[in-house]
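The values are calculated or read from the model by the stated rules, or taken from the named source; none is laboratory data. Given the structure is predicted, the values throughout are model-derived calculations rather than measurements. For neighbour counting, all protein chains shown are included, and Cβ atoms are generated from backbone atoms with ideal geometry for every residue, glycine included. Surface areas here come from the heavy atoms of the whole protein model, side chains and all, with no ligands, DNA or RNA. Shrake-Rupley method; radii C 1.70, N 1.55, O 1.52, S 1.80 Å.
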Amino acid sequence: MNRSALLLVGQSRRPARWCLFPGARLRYRARTLALSAALLPVLALASAVRADEPPLTLAEAQRLATLRSKQVEASDLGISASKDLAVAAAERPDPVAKVGLENLPIDGAERFSVQRDFMTMRSVGIMQELTRPTKLRARAAESQQAVRLAEAQKAQALVAVQRDSALAWLDRYYAQATEQTVLQQLQAARLEVTAAEAAYRGGRGTAADVLAARGTLAELEDLAADASRGVSSSKIALVRWVGDAAGRPLAGQPAIDTIPLHKHTLDSQLAEHPEMLALERREELARAEAEVARADRHPDWSVELVYSQRGSGYSNMVTLQLTVPLEIRRASRQDPKLAATLAEASRAKAEREDMLRAHAAEIGAMIEAWDSARERRERYRSSIIPLAADRSAATRAAYHGGKASLSDLLLAQRAEIEARLKALQLEASAARLWAQLAFLNPTPATAEAATAEAATAEAATATSVGSDRGELP
């Protein structure tokens, strides 16, 4: 007996290598059938539960993620707060009530008397700041720009939720596709191990062939375990966005071959991107703040009316008073503030233009990478995978005809599975790029759902406050 045969016999004594012993195989099959019979009711119940669950589409996942997002909820609250502040910004300050006791004697025969001294007066009055209309309009415009900025920031939040939830959905989709591909090859590898062991027992094969088949099987089992871990990880990542719906089966194959962008017109298309709009709104807000600072260079007057009551023997008095602030150091106070707000507006404009150029370059590179990944995927589908499959089939026929070794067959099969996994990897890469390009702006359906949900929540909050007071794209 040669060294390889001794090694094979030694390994066949291990419990994991029962396949060389017909009796062990029969006992194992009997135990497997018994276990399967015991598990059939449980599996049937699990299948029935899953059958009742509708498949989870990409659009549904994005909708659920938007409704569950606290980031979008925070953006809605920010818009509500900005609108409330806008109402108050257009109003003049509240009038100031005054009550006083003037010229009260504190010594002599008339001390602490409010009746006997002719100068003692009990006064009540009101003062109102006369804010200039131009200043009120500037403050109102500033508040409206703050509302527009909050709305642009909400659009940013919606884009982030839709994009990231789509990426999580795609990660799970391709993780499952990878697992299925590996499991198919794993089943074929098990059959090859069985065939190699049968050939060895019949004297038609060698121990080296059996060991090579088992090695390939072990590698595929390890690859299957890694693919299963990838599926579990992708489900956990999807739970963050859709909750319990992450356990539902996924529907359909993503249509990743079209995007709403063209690399030659990115500047105009990116002008409506939420991040660009947010920077534009920030610039507009800075300019509105500059107008408020310009209006603040002119002081507001105040008018005051006071009624003063004296003792019974004296006449009562009325005082009308006008107050005008004196800006004696405008160059040191008001002018620097105006210059600072104008510089902030210019800085916001420069940042927006620089960000637009950076985004255009980044998106252009992503479009190139997306095109390349799809082109390579098609090459694998149309030529590389069919050639690898034909090679496997030809080598298998040659092996059964005694014209090729098992090592040749295993090498051909390994090349085929590598080609299939590489095609999946390229498609997954193209799908991730597609999600980032296709969801640069909020999709209308998801945005409308989020707006409706926010309106419902706002109405519920208002009612509570009142009661306290009284498929794939």
Practice task
Go ahead and run the numbers for FRET between VAL99 and ILE328, Cβ-Cβ distance against an R0 of 25 Å, rounding to 0.05.
Solution key: 0.20
Problem - Cα pair distances of the range 48-139 binned at 5 Å [whole percent] - result: 3, 9, 9, 8, 7, 7, 7, 7, 7, 7, 5, 5, 4, 4, 3, 3, 2, 2, 2, 1, 0
Problem - Members of LYS70/LYS154; LYS83/LYS154; LYS70/LYS235 lying beyond 18 Å, as alpha-carbon distances in this model show - result: LYS70/LYS235
Problem - Dipole moment magnitude, nearest 20 debye, the range 338-433 about Cα centre, only Lys, Arg, Asp, Glu C-beta charged - result: 420
Exercise for the section: Take the Cα coordinates of the range 363-414, assign each an equal point scatterer, and use the Debye formula without solvent to give log10 I(q)/I(0) at q = 0.16, 0.20 Å⁻¹. Expected result: -0.56, -0.68
Fill in the blank from the handout: Computed about the Cα centre, the charge dipole of the range 378-444 from +1 Lys/Arg and -1 Asp/Glu charges at the Cβ has a magnitude in debye, to the nearest 20, of 60
Completion exercise
Going residue by residue through the range 133-149, the Karplus relation 6.51 cos²θ - 1.76 cosθ + 1.60 with θ = phi - 60° gives ³J(HN,Hα) values, rounded to whole Hz and with x marking Gly or Pro, of x, 4, 5, 5, 5, 5, 5, 5, 5, 4, 5, 5, 5, 5, 5, 5, 5
Problem - Probe 1.4 Å - accessible area at GLU142, Å² to nearest ten - result: 50
Fill in the blank from the handout: Residues other than ALA419 with Cβ under 11 Å of its Cβ, Lys/Arg counted +1 and Asp/Glu -1, net out at +4
Exercise for the section: Run the 1.4 Å probe and let me know the accessible area of GLU129, rounded to the nearest 10 Å². Expected result: 60
Practice task
Rank SER228, TRP169, LEU158 by how far each Cα sits towards the positive end of the charge dipole of the range 155-314 (+1 on Lys, Arg Cβ; -1 on Asp, Glu Cβ) and give me just the farthest.
Solution key: SER228
Practice task
Evaluate the charge dipole of the range 190-302 about its Cα centre and quote only its size in Debye, nearest 20, assuming +1 on the Cβ of each Lys and Arg and -1 on the Cβ of each Asp and Glu.
Solution key: 580
